[in-house]
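Data first, discussion second: the structure below is written as structure tokens.
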Amino acid sequence: MRRILVVGSTGAGKSTLARGLSGRLGLPYHEMDALYFTGAGWAVNEKLREDVLRITAEPRWVIDSLGYPEVRDLMWDRADTVIWLDYPKRVVLRRSVRRTVTREPLFGGNRETWTGWLSREHPLWWAWSQHANRRGEITRRTGDPRFAPLDTLRFGRPGDTAAWVKSL
């Protein structure tokens with residue numbers, strides 16, 4: 001495990017796990033949303049592909065994302081391990097609500113807001129509406145012969161993930 005993608009639905013805990021693995025394994029951690037959203041007002045990074053090319057050319061890293069479409073294949077081609085947090089919808093929804101309630105600062109200095117819930121782009125709505133699509137995409141990728149060399153670890157419950165991390 002030298003080049004790790006932590007994948008799953010919005011709210012699964014990808015960033016938390018990736019950050020923890022970074023410290024435990026001594027790997028540089030890269031938060032995909034922080035690479036994508038670069039400033040206030042959810043400004044988008046115009047050089048995302050260049051940044052991801054540079055990061056994934058390194059011999060060691062952990063990234064917390066399936067990947068935005070413009071960099072997804074690049075990341076999967078360069079990873080050696082995929083850790084899939086395949087949690088039920090109820091788990092990811094609860095976690096998505098918590099992030100809005102606590103108003104924790106996010107990438108680019110942004111925060112999720114209650115009024116943001118009105119948008120279909122809000123992580124809570126995204127977690128609800130895209131859960132099955134995200135699971136389908138990851139299932140296809142982990143079964144694709146192109147990505148067969150990847151070691152894939154799939155966890156269906158947070159407790160299983162925690163036990164695995166503890167065993168490292």
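The values are calculated or read from the model by the stated rules, or taken from the named source; none is laboratory data. Since the structure is predicted, the reported quantities are computational estimates derived from the model, not experimental observations. For neighbour counting, all protein chains shown are included, and Cβ atoms are generated from backbone atoms with ideal geometry for every residue, glycine included. Heads up: the accessible areas ignore ligands, DNA and RNA and are worked out on the full protein's heavy atoms, side chains in. Shrake-Rupley method; radii C 1.70, N 1.55, O 1.52, S 1.80 Å.
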Q | Subset tally (residues that are under 17 Å from the mean Cα position of the chain (by Cα) and in contact (Cβ under 8 Å) with a residue 60 or more places away in the chain) for the range 36-76 | A | 8
Q. Across the range 149-168, what is the total count of residues that are among the acidic types (Asp, Glu) and touching a strand residue (DSSP E or B) at 6+ places or on another chain (Cβ under 9 Å)?
A. 1
(Q) I need every pair where a residue in the range 128-139 that is under 14 Å from Ala12 (Cβ atoms) and touching a residue at least 40 places away in the same chain (Cβ under 8 Å) has its Cβ under 8 Å from the Cβ of a residue that is assigned to a helix (DSSP H, G or I) and open to solvent by 40 Å² or more (accessible area, probe 1.4 Å), sequence separation at least 6 or different chains. (A) His131/Lys89
Q | Boolean, Trp76 is modelled with pLDDT of 90 or more and either assigned to a helix (DSSP H, G or I) or not small (Gly, Ala, Ser) (or both) | A | yes
**Q.** Filter pass, Leu168 being under 17 Å from Leu17 (Cα atoms), at pLDDT below 70, touching a Lys or Arg at 6+ places or on another chain (Cβ under 9 Å) and not charged (D, E, K, R)
**A.** no
Q. So which residues in the range 148-165 are under 13 Å from Leu17 (Cα atoms) and of a type in the set (Gly, Ala, Ser), if there are any at all?
A. Gly159, Ala162, Ala163
(Q) I'd like to verify a number: residues in the range 20-77 that are over 25 Å from Pro149 (Cβ atoms) and of a type in the set (Ser, Thr, Tyr), how many? (A) 2
Q. Checking Leu93 against (1) aliphatic (A, V, I, L, M); (2) open to solvent by 10 Å² or more (accessible area, probe 1.4 Å); (3) under 12 Å from Val7 (Cα atoms), which single condition isn't satisfied?
A. (3)
